[in-house]
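Structure first, then comments.
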Amino acid sequence: MVLPEALREVAGGQRAIEASGTTVREVLDDVAARLPVLERRLRDESGRIRPHVLLFVDGVSVRAPADLEMPVPDEAEVFIAPAVSGG
Amino acid sequence: MAETILLIGTRKGLVVARSRDDRRSWSLDDLAFANLEVYSVGVDARRDPVRLFAGAGSGHWGPKLSYSDDLGRSWVEPTAAPIAFPSGSDTALVRVWQIQPAPAAQPDVVYAGVEPHALFRSDDGGVSFSLVQGLWTHPHRKEWVPGNGGACLHTVVPHPTDPGRMWVALSAGGVYRTDDGGATWTASNRGIQSYWLPEDQRFPEFGQCVHRLSLNPDRPERLFAQNHFGVYRSVNSGDSWEAIESGLPHNFGFPILVHPRQPDTVFAFPLKSDGERMPSDGRCRVYRTRDAGASWHPLAGGLPDDPYYGAVLRDAMCADSSESTGLYFGTRLGEVYATRDDGESWSLVARHLPDVMSIRAAVVP
């Protein structure tokens, strides 16, 4: 999982972390178990990806809640970015 | 000499101001929580060392609550989310609007008012909180609506000596009181007007847009409220309210603050209206009553005489705990003013900050 600069502090300063799981939900659950502060930057406590968080699996955007079941292949890159917002 | 610490929560981070000369001069720390909105700050002076709180939030990464046990030099965000709605509620925390330690008799109890409308309680000094179910399951809750700032429970007022009694204020839901430690809640809005409703419906049981409550611990049965149009006093613990607006240029505004050592002295910062959120006549003026609201008078000493268009938000006015009480307010123009003489003269603590959302003071021996 590749992290934007704003989230590296809560990931021990790392630009990228390893995470396991076969779906987006499982990958985020794995992050929650090991780096809970990082995970709650990405998802709220109801399980939804925060509305201004962009998440891509091998370049494919994951936005809708249903996409939490999107498969994550072995060695896939999950790329996190803040949505461009504001003026 | 004691140190006075002023937590200044702004739209883009937290500034800690420090004074070691009895609040004559101030130094400012570097900005903490850069680019996060700090809607709430808190001081738990019951603890040794004093514990500070900051409720910060990011439009991207969500809200968080941090605490500091070294007077703001470092901050701790607990590993487990301090405030989170329980699973199954299908609800998520949006903002922490107020952090309110309970009175000294409940040394580990801290309350948090949040968005969406809810109250959380901590029994471990503010490290972890639980939803107060009695308010969350109140039958009125589904009829509360968001104010302009959001669906916020923004004010928590514990009774100073009765641990069972407490008031909360919600926008827009009104004032609610519990007498059994939060198990049940009663709407306490009789006499408060909802001006926007049809004329024959302007005094509903609940739904009022209260902006702030305040009380003096020596007169806990007497509450003051600044509403979305309307300044009110209750002399019976919120059972009923009466308007106290004689001398105020407008009855709109956000903060209201009872002097912590003078129960009849109250401060407000009137604004023209909800459609013109700026001071009367374009002048930065605090208004003070010395007679519990029978009359109000403007205070101008040390405040700008230039045209002024900044508002003061509901959590951006506070008092310190010094014997010679200090009062503080911050504006949406990024200025913070202080007084040591009950508002006769004000001096600048800081300027050129982002707009100020919240202020709390701590006096540290």
Next item on the list: Tell me, please, whether a residue that is farther than 20 Å from B:Thr79 by Cβ and not in a strand (DSSP E or B) can be found in region A:34-42.
Entry: no
Item checked: Tally of residues being without any contact (Cβ under 8 Å) to a residue 60 or more places away in the chain, assigned to a strand (DSSP E or B) and under 20 Å from B:Thr331 (Cα atoms) across region B:226-255 -> 3
Next item on the list: Would you check which residues across region B:27-40 are surrounded by fewer than 20 Cβ atoms within 10 Å (Cβ to Cβ), of a type outside the set (S, T, N, Q) and away from every other protein chain (no Cβ under 14 Å) and list them?
Entry: B:Leu28, B:Asp29, B:Asp30, B:Leu31
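Okay, residues lined up against (1) within 21 Å of B:Asp123 (Cβ to Cβ); (2) of a type in the set (Asp, Glu); (3) free of Cβ contacts under 8 Å to residues at least 60 places away in the same chain:
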residue: B:Leu153; (1), (2), (3): yes, no, yes
residue: B:Met166; (1), (2), (3): yes, no, yes
residue: B:Val175; (1), (2), (3): no, no, no
residue: B:Asn189; (1), (2), (3): no, no, yes
residue: B:Arg202; (1), (2), (3): no, no, yes
residue: B:Phe206; (1), (2), (3): no, no, no
Check: When you go through B:Val43, B:Val50 one by one, which is the residue that is away from chain A (no Cβ under 12 Å), buried (at least 21 other Cβ atoms within 10 Å of the Cβ) and either out of contact with any Asp or Glu (no Cβ under 6 Å at 6 or more places or on another chain) or closer than 28 Å to B:His352 by Cα (or both)?
Finding: B:Val43
Checklist line | Hits in region B:140-173 - residues which are more than 22 Å from B:Leu223 (Cβ to Cβ) and of a type in the set (S, T, N, Q) | finding: B:Asn148
Notebook entry, point to check: Would you pick out the residues in region B:126-150 that are modelled with pLDDT under 95 and of a type in the set (A, V, I, L, M)?
Noted result: B:Val145
Check: Of (1) within 14 Å of another protein chain (Cβ to nearest Cβ); (2) closer than 29 Å to B:Val145 by Cβ; (3) touching a strand residue (DSSP E or B) at 6+ places or on another chain (Cβ under 8 Å), B:Tyr111 satisfies all except one. Which?
Finding: (1)
Notebook entry, point to check: Given the conditions (1) more than 14 Å from chain B (Cβ to nearest Cβ); (2) within 22 Å of B:Asp90 (Cα to Cα); (3) in contact with a helix residue (DSSP H, G or I) (Cβ under 6 Å, 6 or more places away or on another chain), which single one is not true for A:Leu38?
Noted result: (1)
Next item on the list: Report yes if B:Asp274 is among the acidic types (Asp, Glu) and within 21 Å of B:Gly9 (Cα to Cα), otherwise no.
Entry: no
Note to self: Condition first: under 17 Å from B:Tyr287 (Cα atoms) and small (Gly, Ala, Ser). Now tell me which residues in region B:204-240 satisfy that.
What the structure shows: B:Ser214, B:Ala225, B:Gly230
Next item on the list: Would you tally the residues in region B:58-71 being within 12 Å of chain A (Cβ to nearest Cβ), modelled with pLDDT of 95 or more and either outside any strand (DSSP E or B) or out of contact with any helix residue (DSSP H, G or I) (no Cβ under 7 Å at 6 or more places or on another chain) (or both)?
Entry: 5
Next item on the list: Determine if region B:130-143 includes at least one residue that is within 14 Å of chain A (Cβ to nearest Cβ) and farther than 24 Å from B:Arg212 by Cβ.
Entry: yes
Next item on the list: Check region B:80-96 and report whether any residue there is at pLDDT 95 or above, over 21 Å from B:Pro158 (Cβ atoms), more than 14 Å from chain A (Cβ to nearest Cβ) and not in a strand (DSSP E or B).
Entry: no
Next item on the list: Quick one: which strands (runs of 3 or more DSSP E) lie wholly within region B:302-365 and hold at least 2 residues that are out of contact with any Leu (no Cβ under 8 Å at 6 or more places or on another chain) and over 17 Å from B:Ser40 (Cβ atoms)?
Entry: B:347-350
Check: Looking only at region A:51-80, which residues are within 11 Å of chain B (Cβ to nearest Cβ) and modelled with pLDDT of 95 or more?
Finding: A:Ile80
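The values are calculated or read from the model by the stated rules, or taken from the named source; none is laboratory data. Just so it is clear, the model here is predicted, and its values are computed rather than measured. Heads up, the Cβs are rebuilt from the backbone with ideal geometry, glycines too, and the neighbour counts pull from every protein chain shown.
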